[in-house]
Amino acid sequence: MTTTAATDADAREPGAHPRFAAALEELGLGELTARVRRFPDATRTAAEAAAALGCELSEICKSLVFAADGVPVLVLMDGASRVDVERVREELGAEKVTRAGADVVRETTGYAIGGVPPFGHRTRTRVLADRGLLRHDVVWAAAGDPHTVFPIAPADLVAHAGATVVDVREPTA
């Protein structure tokens, strides 16, 4: 079976990606599996997810992988904002921070871009969560594939992701 066929088959299954569902159970969050929402069309972008849910763009949590001096780091950002790479670099004390390629994202997290959840990854990485996420009572994040999302309180998201709360959002004009 090819990778594409496996991804297409996973997209037809109900609920969260199996690895992510297992992570929810391990973290004591198994009740969230019943709250996972699956959409027939992919919600690879924050805008697509917000439109499918009927929520504000800022209520979507993007899980973005960067490379800080070649070491993967996960940044959790609200869907209406962009990551300021210079702020991430300063926060980490790194020489150089770049967006990670699709292969690094999959190798690090075990998930494809557009479906990366905020935790339950293949490897443990440093996690930064932008403070803007905390403005909401609930945010929606990917549940392991581009067709699924789940709701979680931002404080719980930060705690279970092992994230450090920082200000790494690009300033608005």
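Any residue in the stretch 152-168 that is modelled with pLDDT of 95 or more, of a type in the set (Asp, Glu) and touching a helix residue (DSSP H, G or I) at 6+ places or on another chain (Cβ under 8 Å)? Checked against the condition, which is being modelled with pLDDT of 95 or more, of a type in the set (Asp, Glu) and touching a helix residue (DSSP H, G or I) at 6+ places or on another chain (Cβ under 8 Å), the stretch 152-168 yields at least one hit.
Scan the stretch 1-50 for residues that are in contact with a Phe, Trp or Tyr (Cβ under 9 Å, 6 or more places away or on another chain), at pLDDT 85 or above and hydroxyl-bearing (Ser, Thr, Tyr) and the total you get is 0.
Looking across the stretch 24-39, the residues that are surrounded by fewer than 18 Cβ atoms within 10 Å (Cβ to Cβ) and within 12 Å of residue 149 (Cα to Cα) come down to 33, 34, 35, 37, 38, 39. In this entry, residue 78 is excluded by the filter for residues that are closer than 25 Å to residue 16 by Cβ and without any contact (Cβ under 8 Å) to a residue 60 or more places away in the chain. For the stretch 35-77, what are the residues that are within 22 Å of residue 131 (Cβ to Cβ) and of a type in the set (Asp, Glu)? 56, 59, listed by residue number. So is residue 103 of a type in the set (Asp, Glu) and in contact with a strand residue (DSSP E or B) (Cβ under 9 Å, 6 or more places away or on another chain) or not? The answer is no for residue 103.
The values are calculated or read from the model by the stated rules, or taken from the named source; none is laboratory data. These numbers come from a predicted model, not from an experiment. Note that we place each Cβ from the backbone using ideal geometry, even for glycine, and neighbour counts take in every protein chain shown.
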